[in-house]
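These notes are about the structure you will find just below.
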Amino acid sequence: MPPSRQIPIQFPEASLSFDDMAITAANRAVCAAIRNTDRWPYHAFCLIGATGSGVSTLAKAWAQERDADYLSGLALSNLNDKALEALSHGDVVVDDVEQMKQAERLLILLSAVKRNGKRILLASHSAPASWHFQSPDLNSRLHAAPLAEIPAPDEELMRARLKRAFARSVLKLPKPVEDYLVTRLGLGYSLIEHSVEILAGASGERPLTIPLAREILEEENS
């Protein structure tokens, strides 16, 4: 009989700084690349990664460290020229760049940021070549920008991400269950949040054990 399903409780989590987040061999080079702005060969930098890989987490940490403005591609699409000029007087993060509707807004911001000697971090789940709002001018500028992709996690980072996901729920994560989940889920970001949500919703008041976790996840996949 399938376990009863409850609505899992998730506690809000403040944006992480680089000092707060788990930095391991898997993501250390990417973190160093975006933080060391003096070594950027261009005033813009593209950060990409798969869903769940922590693109937004890194982008927000960079914004916090640089005291930069942080906005989405959709929000950027709605700014007028005056607002873009004001924005360009400080460092800027544009997250979910693929949500933008037209190249012109980003072109204006890129030019203004360069003119004012600032830095802009463009974060997305897809590579710039696949962004639908293309223009020859924008493409040439994006080709000049360095690009870093968040790689798959190593075991240390996987464990850290599992612990953080559990910390946002009401579930405790016993070490044997942690070991089991790392083995079951493998080294990939995509299943972490979904699996913890399923476990939190189906375990009820029962303490989480390996047999219970196996039962819930197998039922979900059956």
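How many nm separate the modelled label positions at Lys114 and Thr51, each set 7 Å beyond the Cα in the direction of the Cβ?
3.4 nm
Towards the positive end of the charge dipole of the chain, with charges on Cβ (+1 Lys, Arg; -1 Asp, Glu), say which of Asn116, Leu171, Leu84 has the farthest Cα.
The one lying farthest along the dipole's positive direction is Asn116.
With axes computed from alpha carbons, what is the tilt in degrees of helix 55-66 against the longest principal axis of the chain, rounded to the nearest 10 within 0 to 90?
Orientation of helix 55-66: about 50 degrees from the principal axis.
Kindly express, to the nearest 10 degrees and within the range 0 to 90, the angle between helix 103-115's C-alpha long axis and the longest C-alpha principal axis of the chain.
For helix 103-115, the angle is close to 70 degrees.
Return His125, His89, His132 ranked ascending by Cβ neighbour count within 10 Å, so the fewest neighbours appear first.
Values: His125 18, His89 14, His132 11.
With the fewest neighbours first, His125, His89, His132 line up as His132, His89, His125.
Among Glu219, Glu205, rank each residue by its count of other Cβ atoms within 10 Å, from fewest to most, as a rough exposure measure. Before the final figure, lay out the partial values.
Details: Glu219 14, Glu205 6.
Lowest count first: Glu205, Glu219.
Let me confirm the definition first: pairs of Lys residues in the chain, 8 or more apart or on different chains, C-alpha distance under 25 Å. How many are there?
The number of close lysine pairs in the chain is 12.
Can you find, among Ala200, Phe133, Asn36, the residue farthest towards the positive end of the dipole of the chain? Put +1 on the C-beta of Lys and Arg, -1 on that of Asp and Glu.
Positive-most Cα among the choices belongs to Asn36.
Measure nothing but the geometry: give the 0 to 90° angle between the long axis through the Cα atoms of 192-202 and the longest principal axis through the Cα atoms of the chain, rounded to 10°.
40 degrees
Residue-wise, which Karplus ³J(HN,Hα) couplings in Hz belong to the stretch 138-145, taking 6.51 cos²θ - 1.76 cosθ + 1.60, θ = phi - 60°, and x for glycine or proline?
My calculation for the stretch 138-145 gives 5, 4, 5, 6, 5, 5, 7, 7 Hz in order.
Between Lys175 and Thr24, what is 0.36 nm times their sequence separation minus the Cα-Cα distance? Round to one decimal in nm.
52.4 nm
About the Cα centre of the chain, what is the dipole size in debye to 20, counting +1 per Lys and Arg Cβ and -1 per Asp and Glu Cβ, all else neutral?
340 debye
So what are the stretch 90-214's ellipsoid semi-axes, whole angstrom, largest first, if each one is the square root of 5 times an eigenvalue of the alpha-carbon gyration tensor?
That gives 42, 14, 13 Å for the three semi-axes.
Only the coordinates and a few stated rules stand behind these numbers; no lab work does. Because the structure is predicted, anything quoted here is derived from the model rather than measured. Counting neighbours? That spans all protein chains shown, and the Cβs are built from the backbone with ideal geometry, glycine included.
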